[in-house]
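Nothing in this text is a laboratory measurement; each read-out follows from the coordinates by a stated rule. Computed from a predicted model, the values in this text were never measured in an experiment. A quick note on method: Cβ atoms are made from the backbone with ideal geometry, for glycine too, and the neighbour counts reach across all protein chains shown.
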Amino acid sequence: MNKLNKNKVAVDLVFVSFSIHIAIEITLLLHTQILDEKLIAMKYIRMESLLIIPLLFIKFTEILTLFDSISPFVDIVFKILNDIVFFMLIFCITIFMAANCFYLIGRNQIFFDEITVKEFEDNEIKYDSLKKAIWYTWLLTLGEFDYDTFWLGNGQSAFLLIFFFTVSTFMMIIHLLNMLIAIMGNTYMERN
C-alpha cells in the first residue's frame, strides 16, 4: 500500500470515528432535559465538527479525482502542499522572529518612551504582547501596514521599529512570498 493510500485510509478512519462519535453525542443530547448540559454538549459537538469539515473537503477532492478534467488540478494542489512543508516551517520561524523583535521593542516603547496616558489610551500599540505581536506580524505579511504607533511618546524606539518593519517587510513579503510563488510554479511545471 503506497503512502497516498495510507493517508486516505487514515483520513477515512478519523472521519468515520468522529462521525460516529458526533452521532452518539447528538442522540444523547436529544434525550437530555437539562439546558446547561445541552449547551456544553453543543459546544463540544461544534468543536469536533471543526475537525470533520476539513476532512469532508478532503474526501470531496478525492471524489473530484474521478473526473479526468479536474483530476490533474487536484493532484497539483496536493503536490504543492507537499512541496511547501519545509518552506512553511521557515516562514513560521521568520514570523516568530519578527514578532519577538516587535514585542521586545514595543515593551521598551511602553516603559521608556515617555508615552502619556492620553496617547496610550488613544493609540493601541498592536505589538505590546507576544500574542498581539504575532498577529501584527502575520498581518504585516499580508500587507497590513500599521506604523502610526511607532512615534508615540518621545519616539526613541521609532528608529528600531522602522528598521525591523523594513527588514520584516523585505524578508516576508518580498523574499519569502516570492519564493513560495516560485516553488508553486516549479511544482506546476513539473506536473505538466
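Could you grab the pairs with beta carbons closer than 7 Å, sequence gap of 6+ or different chains, first residue in region 103-129 and under 17 Å from Phe145 (Cα atoms), second one small (Gly, Ala, Ser) and in a helix (DSSP H, G or I)?
Taking only residues 6 or more apart or on different chains, the pairs are Tyr103/Ala133; Gly106/Ala133; Ile125/Gly106; Tyr127/Gly106; Tyr127/Ala133; Asp128/Gly106.
In region 71-90, what residues are in contact (Cβ under 8 Å) with a residue 40 or more places away in the chain and of a type in the set (Phe, Trp, Tyr)?
Phe87 - this is the single residue of region 71-90 that is in contact (Cβ under 8 Å) with a residue 40 or more places away in the chain and of a type in the set (Phe, Trp, Tyr).
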